[in-house]
Every structure is written in structure tokens, then in C-alpha cells.
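Encoded as C-alpha cells, the structure appears first; notes follow it.
The values are calculated or read from the model by the stated rules, or taken from the named source; none is laboratory data. Model, not experiment: these values are computed from the prediction. Virtual Cβ from ideal backbone geometry, glycine too; neighbours counted across all protein chains shown. These accessible areas exclude ligands, DNA and RNA; they are computed on the full protein's heavy atoms, side chains included. Shrake-Rupley method; radii C 1.70, N 1.55, O 1.52, S 1.80 Å.
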Amino acid sequence: MTNKLQVEAICQGTVIDHIPAGQGVKILERLHLLDSDVSITVGFNLPSKAQGRKDIIKVSDLKFTEQEANQLALFAQGATINVIEEYDVVEKFSMAVPETLKGAFSCPNSNCITHNEPVSSFFHLKEKEDDIRLKCHYCEKSFSKNIVAEI
Ligand SMILES: [Zn+2]
């Protein structure tokens, strides 16, 4: 089973596969994919041998920036990214939670210096059971990914 994907093939772009079922919608929203003019094919709740159910997102003519890929890791632990060129998977990598995340999310602490000073937010990340904890580098408060990513 090489390079075989469950949803219609795209010529070039990015396929995010093995997204935990239910997370696909959040990824679309978080990366503002529906606001852009790229073509997107999605499959939600597809059967998956490894996961039971999974979501899959195919984006034509787009490669994710490192920051987008890092944001993605918060919602889609274990997802794989396939870079497609000429209908072939030319690169494949697993999403791993990064150790740090800069500028992607605001600190939920309204007293945090990052809201008043011209500095980018900066979090240290730790995986904890089903959650990911983000600890602000500046105010040193720690938050669940669900709190940070809702803002
Ligand atoms: Zn903070």
C-alpha cells in the first residue's frame, strides 16, 4: 500500500492524513483554509485501521509554513503530512508537538507582558496525557491547549 490515499488524488499540494476524527474541522478553521482560494478536499470520519476513524484534508497548490505545521500539531497529534507533486508523495512526515511555539497564539493571561510590550508570544510545550500544556515564557503561567487555541 504505497502512496495510496483514500480521497481523490491531487496533482500537487499537501495532504494531512491520520487526523484524529473530529479535529479536521478545527484545522480548517485554525489555518483559515476556507478563507483562502485554494481547493480543499476533505474526508471526515473515514475508517482507519490504526485509529478506528480519522479525518483527512487535501489542499491543492499549498505547502504549509513551519509555523502552520506547528499549530497543526496541537490539534492533530500523530497526523501525517504528505507533500504531493505530480500525484506522487514526494515527502512524508509525522506531526510532532514542538518544544516551543512563537507568535502563533496569544497568552490567555490578560496581565501578561506580551499584551503590552512589542514581543511575540512564546510558549514552552509539554505533552500531558490527552492534553498539551503551554507554559508562557513571560508570565510563566501554564495553560491547556484548548484554552490557548480558542483565542
Ligand atoms: Zn503570558
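Numbers below:
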quantity	calculated
Filtered residues of the stretch 105-126 (kept if touching a residue at least 40 places away in the same chain (Cβ under 8 Å) and open to solvent by 30 Å² or more (accessible area, probe 1.4 Å))	106, 108
Within the stretch 127-148, tally of residues that are in contact (Cβ under 8 Å) with a residue 12 or more places away in the chain and under 17 Å from residue 78 (Cβ atoms)	4
Whichever residue in the stretch 86-144 is in contact with a His (Cβ under 7 Å, 6 or more places away or on another chain) and part of a strand (DSSP E or B) and, among such residues, is nearest to residue 17 (Cα to Cα)	100
Scope the stretch 100-116; condition within 9 Å of the ligand (Cβ to nearest atom) and under 12 Å from residue 148 (Cα atoms); matching residues	106, 107, 108, 109
Pairs where the first residue, in the stretch 81-104, is farther than 17 Å from residue 27 by Cα and of a type in the set (Ser, Thr, Tyr) and the second is at pLDDT below 90 and surrounded by 12 or more Cβ atoms within 10 Å (Cβ to Cβ), C-beta under 7 Å, 6+ apart	87/9
The stretch 8-24, residues that are buried (at least 20 other Cβ atoms within 10 Å of the Cβ), outside any strand (DSSP E or B) and at pLDDT 90 or above	24
Meets criteria (in a loop (DSSP other than H, G, I, E, B) and open to solvent by 40 Å² or more (accessible area, probe 1.4 Å)) for residue 77	yes
Scope the stretch 127-151; condition within 20 Å of residue 70 (Cβ to Cβ), open to solvent by 40 Å² or more (accessible area, probe 1.4 Å) and within 11 Å of the ligand (Cβ to nearest atom); matching residues	135, 137, 138, 142
Odd one out for residue 55, checked against (1) open to solvent by 20 Å² or more (accessible area, probe 1.4 Å); (2) touching a helix residue (DSSP H, G or I) at 6+ places or on another chain (Cβ under 7 Å); (3) of a type in the set (Asp, Glu)	(1)
Test: residue in the stretch 25-40 that is at pLDDT 90 or above, open to solvent by 20 Å² or more (accessible area, probe 1.4 Å) and on the phi > 0 side of the Ramachandran plot	no
Residue satisfying condition, being assigned to a strand (DSSP E or B) and either more than 12 Å from the chain's Cα centre (by Cα) or polar (S, T, N, Q) (or both), within set 58, 63	58
